[in-house]
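Presented below is the structure to which this report refers.
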Amino acid sequence: MREIFLGEVIRQRRVELRLTQEEVCEGICEPITISRMENGKQTPSRNRVKALLQRLGLPDDRFYGLLSAKELEISRLEKEIVSCNVRFERAEGEEKKVARAEALAKLQALEQVIDGDDTLSQQLILRSRYLLGTEQGRYDFETGMAMLLEAMRLTKPRFDIRQIEKGLYTEQEVKLLNNMALCYSRAGKHVEALDILRQLLGYLQTSWEKIPPHRAYIPLVACNYARELGIVKRYAEAIEIAEEAKNICINYGHYQFLPGLLAILAECCFFIGDSARSAALYRQAYYLYEVIKNEKNRSIIQAEARERLGLILE
């Protein structure tokens, strides 16, 4: 495998995109840092290097570097926090409380390890606190959106939600944008949610074209976009978006969002009068949820199919 000087890769891509050092490194590091990096005189922390590569739309899994004990500890805690967040989102009842408590404990541990200028880890912490909500449940719209904007502006001080397509984003920033759209959707603000998701999907399809689509969060964003389109009864558009994302899931062997996409397609097909296809899609979604032991969504599919089509799924 051919080894390439990391600083040169970043410089070439930056020049190719006609970006200044200041535009690429905003909120991540100082311009002098990226300048020294491009000249081979300095290598920033692993998290900062990965963030720079992501903003440039380059794969971040081909970069290898030695990690300090502190960086290893930060990386371990961040991975465990993400895992806790996923577990919390899927859990019910007492298990949800346990997952939340574990996540909060790990967030506190991470806060004690990171430096004061580590905006990337601070951003992950604030986003995680938003996802975990309060003991009573999710934050209200105003509080939640304020937290998400605060997290975004840790690394993008001049962030403008109306001009998403003009920005450069890391993976964490893409997740924040997706969270903002969902926050709007839960508040019944579907026009705003659709606008964010439309811009975000367009950005990922163009600026991250060098990254395989399943790793570029396209299935995630497309799934939410298609769901929102269905909510506002734009069924033909929802079907088109969901079909494209479904094909990505199948072609790349990335099945996390496949059941949800099938469920969206089933619902949209029902509303456009294609009951036969809707029934077939409901069956596929139901059994996939059964395979992955997602009882909550399996039950929802079961109830929808029975109510809409008289279809009994067992």
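Pairs linking a residue in the range 14-43 that is over 20 Å from W208 (Cα atoms) to a residue that is loosely packed, with under 14 Cβ neighbours inside 10 Å and of a type in the set (D, E, K, R), with Cβ atoms under 6 Å and 6 or more positions apart or on different chains, are P31/E22.
A residue that is farther than 23 Å from L204 by Cα and either surrounded by fewer than 18 Cβ atoms within 10 Å (Cβ to Cβ) or aliphatic (A, V, I, L, M) (or both) cannot be found anywhere in the range 152-161.
Looking at the structure I just gave you, is E295 without any contact (Cβ under 8 Å) to a residue 40 or more places away in the chain, surrounded by fewer than 18 Cβ atoms within 10 Å (Cβ to Cβ), in contact with a helix residue (DSSP H, G or I) (Cβ under 6 Å, 6 or more places away or on another chain) and more than 22 Å from E228 (Cα to Cα)? Considered against the rule, which asks whether it is without any contact (Cβ under 8 Å) to a residue 40 or more places away in the chain, surrounded by fewer than 18 Cβ atoms within 10 Å (Cβ to Cβ), in contact with a helix residue (DSSP H, G or I) (Cβ under 6 Å, 6 or more places away or on another chain) and more than 22 Å from E228 (Cα to Cα), E295 comes out as no.
Does P259 satisfy the criteria of being modelled with pLDDT under 95, crowded, with 21+ Cβ neighbours inside 10 Å and under 25 Å from N294 (Cβ atoms)? Working first, answer last.
Values: modelled with pLDDT under 95: no; crowded, with 21+ Cβ neighbours inside 10 Å: yes; under 25 Å from N294 (Cβ atoms): yes.
So P259 fails the test.
Considering every residue within the range 262-274, establish whether at least one is of a type outside the set (V, I, T), surrounded by fewer than 23 Cβ atoms within 10 Å (Cβ to Cβ) and either touching a His at 6+ places or on another chain (Cβ under 6 Å) or free of Cβ contacts under 8 Å to residues at least 24 places away in the same chain (or both). Checked against the condition, which is being of a type outside the set (V, I, T), surrounded by fewer than 23 Cβ atoms within 10 Å (Cβ to Cβ) and either touching a His at 6+ places or on another chain (Cβ under 6 Å) or free of Cβ contacts under 8 Å to residues at least 24 places away in the same chain (or both), the range 262-274 yields at least one hit.
Does Q199 qualify as being of a type in the set (S, T, N, Q), part of a loop (DSSP other than H, G, I, E, B) and under 18 Å from the mean Cα position of the chain (by Cα)? Please lay out each step first, then the result.
Values: of a type in the set (S, T, N, Q): yes; part of a loop (DSSP other than H, G, I, E, B): no; under 18 Å from the mean Cα position of the chain (by Cα): yes.
Here the answer is no, as Q199 does not meet what is asked.
Residue check: L313 meets all listed conditions (1) assigned to a helix (DSSP H, G or I); (2) buried (at least 16 other Cβ atoms within 10 Å of the Cβ) but one, namely (1).
The values are calculated or read from the model by the stated rules, or taken from the named source; none is laboratory data. Worth saying up front: this structure is predicted, and the values here are computed from it rather than measured. Note: ideal-geometry Cβ built from the backbone for every residue, glycine included; neighbour counts use all protein chains shown.
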